[in-house]
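Student: Handing you a structure now.
The values are calculated or read from the model by the stated rules, or taken from the named source; none is laboratory data. Worth saying up front: this structure is predicted, and the values here are computed from it rather than measured. When we count neighbours, we look across all protein chains shown, and the Cβ atoms used for this are built from the backbone with ideal geometry, even at glycine. Surface areas here come from the heavy atoms of the whole protein model, side chains and all, with no ligands, DNA or RNA. Shrake-Rupley method; radii C 1.70, N 1.55, O 1.52, S 1.80 Å.
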Amino acid sequence: MEVIGDLPRELFLEILLRLPVESLMRCKCVCKYWYALISNPKFIELHLKYNCSNNVCVLLKRCLLTCLGERENMLSLVCSSGFSFINLDVDLSLYKKEPCLQLLGHCDGIICLSNYRDDIVLCNPATRETMVLPESCLPCYSSISNLIPQTSALGFGYDARTHHCKVVRIVSYWEERSGSGLPHHSRVEVYSLATGSWKELNVKVPAHVWYSPCFETYFNGAFHWYAIDDNRDEVILSFHMGNEEFQVIPMPSALSLYDYSMCRSLFVWNGRIALVIYPRKGIEKSFQIYVMKEYGVRESWTKILTIGPLTKVEMPLAFWKNDEILMEGSDGLVVSYNLKTQELKDLPIYGVPKSFATLVYINSLVSVKGGNRMLDGDNTGENVSTP
C-alpha cells in the first residue's frame, strides 16, 4: 500500500477531501506532488461530490451602506451549523457599487453575476478566481433603424453532455414608440466554458421574459424565467443547457391572471420546482406554495401549504435544508422560517431592504476558466482513485 508520510494514501485522500477550499489552496503550496494531486480533475470532482453531500450553504448577496452613505455589494455564506455566516473576501471591484447586481446562477461552485448592461462575470468565491466574459457576438444595433436592443434575460447552468457550464443571453429588440408592451423580436446567444466563446442560436424565443423577484432558477438541466407568451398569458420559460432549446411551462390554473398585486417567486424544493405566491405590499403577508410534481405538466401543479400570515416579512429568498425558508424582513433583516415548527427566527444578517439575492451554493475547486487539467511531467499526474 502506498504511504504518504506516515499515512496510507487512501486515508490521506480522505483527509484532503474533507478540507475546505481555502485550506486546500494553501496545501497546494506544500510541494509539487500535493499541487498536482489537488489540481487533478478527478480530485476536484471527488471534493465537489463530498461537499454536495455534506457542505451545502446559501450564498447571499446584499448591499451595505458605507460611512459616506454609498451602497456596496457584499457576498456572504450562510452555513447550516447554527445559521452562522461569513463574509467572502472576493474582488468585486467591477460590481462593488452596482445597485442592480444580479446573481444569475450557480454551477459546481462557480457563480455568474451581471448588471444586465455591460459585463458578465464568472466567479469562484472560494478560490477568489474571476473572469469577465468576452463581448457578445450579437451586434449592439439593429438592422431595423427604429428598434432598440436590450438584454432581456440571462441564465447560467450546467451542460451534462459537455460537462461544462454555459451562459445563455436573450436580446430583445423594442420599437421606440411601441404601445404593445412586447418586443418586436428576440435573438439568443450562448457562451460555453468548453469553447470559451459565444455563438448565436437559430431558435425562436416562444415567450418574453419579464421581471419577477427571486424567480430565475436553474433546475433539471434548464434555466427558468418568469415570462409572458404571445397570448399574454403568464408562463415559465425554460432553456435547456444540453439541447439548447426553449420550453414553455404553464402556470397553475388556479392563479388569477394579471393580478399585479401578487408576486411570483420560483425555487427548487425537495427536488421539484416550487412556486410561491404572495402579496406585493402589506404589513401581514401569506405565502402560498405550489409544487410541480411532474415537470412541465400543468395539471401536476399542487398547492402544498400556505405560510402565515406573517408580519414584517417581505419575500422568500431560498428553500434550505428541506424544512427551512430564508426570507427577507421588511427592515432589511434576514429571517428563517421553519416549516415544521412554524417558528420565525431572526438571523444576524442585515442589508439594504430589497437588495438581497440568494443561491444554494457549494464550495469547490472548479476553475472559472474551465481548465482543471492534470499537470504533465514527473510522477505528479497520477490518477486519483476513489478512496
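Student: For residues in the range 1-55 being closer than 18 Å to ALA126 by Cβ and not in a helix (DSSP H, G or I), which is modelled with the lowest pLDDT?
Tutor: Among them, the one singled out is ASN55.
Student: Let me ask something else about it. Report, by residue number, each residue of the range 138-192 that is loosely packed, with under 14 Cβ neighbours inside 10 Å, at pLDDT 80 or above and small (Gly, Ala, Ser).
Tutor: The one that is loosely packed, with under 14 Cβ neighbours inside 10 Å, at pLDDT 80 or above and small (Gly, Ala, Ser): ALA160.
Student: Within the range 195-204, how many residues are more than 22 Å from THR217 (Cα to Cα) and exposed (fewer than 14 other Cβ atoms within 10 Å of the Cβ)?
Tutor: 5
Matching residues to (1) touching a helix residue (DSSP H, G or I) at 6+ places or on another chain (Cβ under 7 Å); (2) more than 19 Å from MET131 (Cβ to Cβ); (3) open to solvent by less than 20 Å² (accessible area, probe 1.4 Å):
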{"position": "GLY332", "(1), (2), (3)": "no, yes, yes"}
{"position": "VAL335", "(1), (2), (3)": "no, yes, yes"}
{"position": "GLN342", "(1), (2), (3)": "no, yes, no"}
{"position": "LYS345", "(1), (2), (3)": "no, yes, no"}
{"position": "TYR350", "(1), (2), (3)": "no, yes, no"}
{"position": "SER355", "(1), (2), (3)": "no, yes, yes"}
{"position": "THR358", "(1), (2), (3)": "no, yes, no"}
{"position": "TYR361", "(1), (2), (3)": "no, no, yes"}
{"position": "SER364", "(1), (2), (3)": "yes, no, yes"}
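Student: How many residues does the range 236-247 contain that are surrounded by 18 or more Cβ atoms within 10 Å (Cβ to Cβ), in a strand (DSSP E or B) and within 18 Å of the chain's Cα centre (by Cα)?
Tutor: Of the residues in that region, 4 qualify.
Student: What do you reckon, is LYS369 out of contact with any Lys or Arg (no Cβ under 6 Å at 6 or more places or on another chain), modelled with pLDDT of 85 or more, surrounded by fewer than 16 Cβ atoms within 10 Å (Cβ to Cβ) and more than 23 Å from ASN54 (Cβ to Cβ)?
Tutor: So LYS369 does not fit the description; no.
Student: Is it fair to say SER76 is open to solvent by 50 Å² or more (accessible area, probe 1.4 Å) and of a type in the set (S, T, N, Q)?
Tutor: When the stated conditions are applied, SER76 does not pass them.
Student: Another question, then. Here's a check for you: in the range 312-329, which residue that is assigned to a loop (DSSP other than H, G, I, E, B) and free of Cβ contacts under 8 Å to residues at least 40 places away in the same chain is most open to solvent (accessible area, probe 1.4 Å)?
Tutor: For the range 312-329, the residue satisfying everything is LYS312.
Student: Okay, moving on. Say whether the condition of being in contact (Cβ under 8 Å) with a residue 40 or more places away in the chain, in contact with a Phe, Trp or Tyr (Cβ under 7 Å, 6 or more places away or on another chain) and open to solvent by 30 Å² or more (accessible area, probe 1.4 Å) is met by at least one residue in the range 248-255.
Tutor: No; the residues of the range 248-255 include none that is in contact (Cβ under 8 Å) with a residue 40 or more places away in the chain, in contact with a Phe, Trp or Tyr (Cβ under 7 Å, 6 or more places away or on another chain) and open to solvent by 30 Å² or more (accessible area, probe 1.4 Å).
Student: LEU305 - would you say it is surrounded by 14 or more Cβ atoms within 10 Å (Cβ to Cβ), assigned to a strand (DSSP E or B) and among the hydrophobic types (A, V, I, L, M, F, W, C)?
Tutor: No; evaluated as a whole, the condition is false for this residue.
Student: Which strands (runs of 3 or more DSSP E) does the range 182-235 wholly contain that include 1 or more residues that are within 17 Å of CYS137 (Cβ to Cβ)?
Tutor: Fully inside the range 182-235 and qualifying: 185-192, 197-201.
Student: Something else about it: For SER253, work out the one condition from (1) in contact with a strand residue (DSSP E or B) (Cβ under 7 Å, 6 or more places away or on another chain); (2) hydroxyl-bearing (Ser, Thr, Tyr); (3) assigned to a loop (DSSP other than H, G, I, E, B) it doesn't fulfil.
Tutor: Tallying (1) in contact with a strand residue (DSSP E or B) (Cβ under 7 Å, 6 or more places away or on another chain); (2) hydroxyl-bearing (Ser, Thr, Tyr); (3) assigned to a loop (DSSP other than H, G, I, E, B), SER253 fails exactly one: (1).
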